[in-house]
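Take a look at the structure set out below.
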Amino acid sequence: MTSELPKEVVDKILQLVEAAKNTGSVRKGTNEATKAIERGVAKLVVIAEDVEPKEIVMHLPALCEEKKTLCATVPSKVELGRAVGLDVGSAAVAVVEVGDGKDLFKEVSAKLAKPE
């Protein structure tokens, strides 16, 4: 589940999460992210790579693929937690409403889109 996203893309993803937290809607944590994906309301799911044990978040990429939801990974759960306004790390976050992050979302979506 390792992503080799360039740092600038990771930074944009974290900015998008922060914008969504401030002006849109996010779901924090693996359980909330899972529910958002299953209900079809998640626009983007961000998963931290440094989660131990990995089994906590292993199901998310497959679920995202099944539901055709964008999925990205960032290196640090602490950074992800900070972006979503927590003082602790977060294993996963689902962006439900992008809020003011519309342009960032378009940019991130284009970078994450897999060439067929």
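From the list 80, 86, which residue is part of a loop (DSSP other than H, G, I, E, B) and in contact (Cβ under 8 Å) with a residue 24 or more places away in the chain? Step through it out loud before you land on a result.
Numbers: 80 fails: part of a loop (DSSP other than H, G, I, E, B).
It is 86.
Rundown of residues vs (1) touching a Ser or Thr at 6+ places or on another chain (Cβ under 8 Å); (2) closer than 24 Å to residue 8 by Cβ, yes/no style:
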| site | (1), (2) |
| --- | --- |
| 62 | no, no |
| 82 | no, yes |
| 92 | yes, yes |
| 99 | yes, yes |
key: Output for segment 50-77, where each listed residue is under 11 Å from the mean Cα position of the chain (by Cα) and either part of a loop (DSSP other than H, G, I, E, B) or touching a residue at least 60 places away in the same chain (Cβ under 8 Å) (or both)   = 61, 69, 72, 73, 74
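Looking only at segment 95-116, filter to residues that are of a type in the set (D, E, K, R) and in a helix (DSSP H, G or I); which one of those is surrounded by the most Cβ atoms within 10 Å (Cβ to Cβ)?
Let us first name the residues in segment 95-116 that are of a type in the set (D, E, K, R), namely 97, 100, 102-103, 106-107, 111, 114, 116.
Next, only the ones that are in a helix (DSSP H, G or I) stay: 100, 102-103, 106-107, 111.
Details: 100: 14, 102: 13, 103: 11, 106: 12, 107: 16, 111: 14.
Restricting to residues being of a type in the set (D, E, K, R) and in a helix (DSSP H, G or I), the top hit is 107.
Yes/no matrix, rows are residues, columns are (1) buried (at least 22 other Cβ atoms within 10 Å of the Cβ); (2) small (Gly, Ala, Ser); (3) modelled with pLDDT of 95 or more; (4) farther than 17 Å from residue 112 by Cβ:
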{"site": "28", "(1), (2), (3), (4)": "no, no, yes, yes"}
{"site": "35", "(1), (2), (3), (4)": "no, no, yes, yes"}
{"site": "44", "(1), (2), (3), (4)": "yes, no, yes, no"}
{"site": "60", "(1), (2), (3), (4)": "yes, no, yes, no"}
{"site": "78", "(1), (2), (3), (4)": "no, no, yes, yes"}
{"site": "82", "(1), (2), (3), (4)": "no, no, yes, yes"}
{"site": "90", "(1), (2), (3), (4)": "yes, yes, yes, yes"}
{"site": "93", "(1), (2), (3), (4)": "yes, no, yes, no"}
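Of a type in the set (A, V, I, L, M, F, W, C) and at pLDDT 95 or above, is that true of residue 110? Working first, answer last.
Working: of a type in the set (A, V, I, L, M, F, W, C): yes; at pLDDT 95 or above: no.
Considered against the rule, which asks whether it is of a type in the set (A, V, I, L, M, F, W, C) and at pLDDT 95 or above, residue 110 comes out as no.
Somewhere in segment 95-104, is a residue closer than 16 Å to residue 38 by Cβ, touching a residue at least 60 places away in the same chain (Cβ under 8 Å) and of a type outside the set (Lys, Arg)? Give the derivation first.
Start the filter on segment 95-104 by keeping residues that are closer than 16 Å to residue 38 by Cβ, which leaves 95-96.
Adding the requirement that they be touching a residue at least 60 places away in the same chain (Cβ under 8 Å) leaves 95-96.
Within this subset, residues satisfying the condition of being of a type outside the set (Lys, Arg) are 95-96.
Yes, some residue in segment 95-104 is closer than 16 Å to residue 38 by Cβ, touching a residue at least 60 places away in the same chain (Cβ under 8 Å) and of a type outside the set (Lys, Arg).
The values are calculated or read from the model by the stated rules, or taken from the named source; none is laboratory data. Model, not experiment: these values are computed from the prediction. Virtual Cβ from ideal backbone geometry, glycine too; neighbours counted across all protein chains shown.
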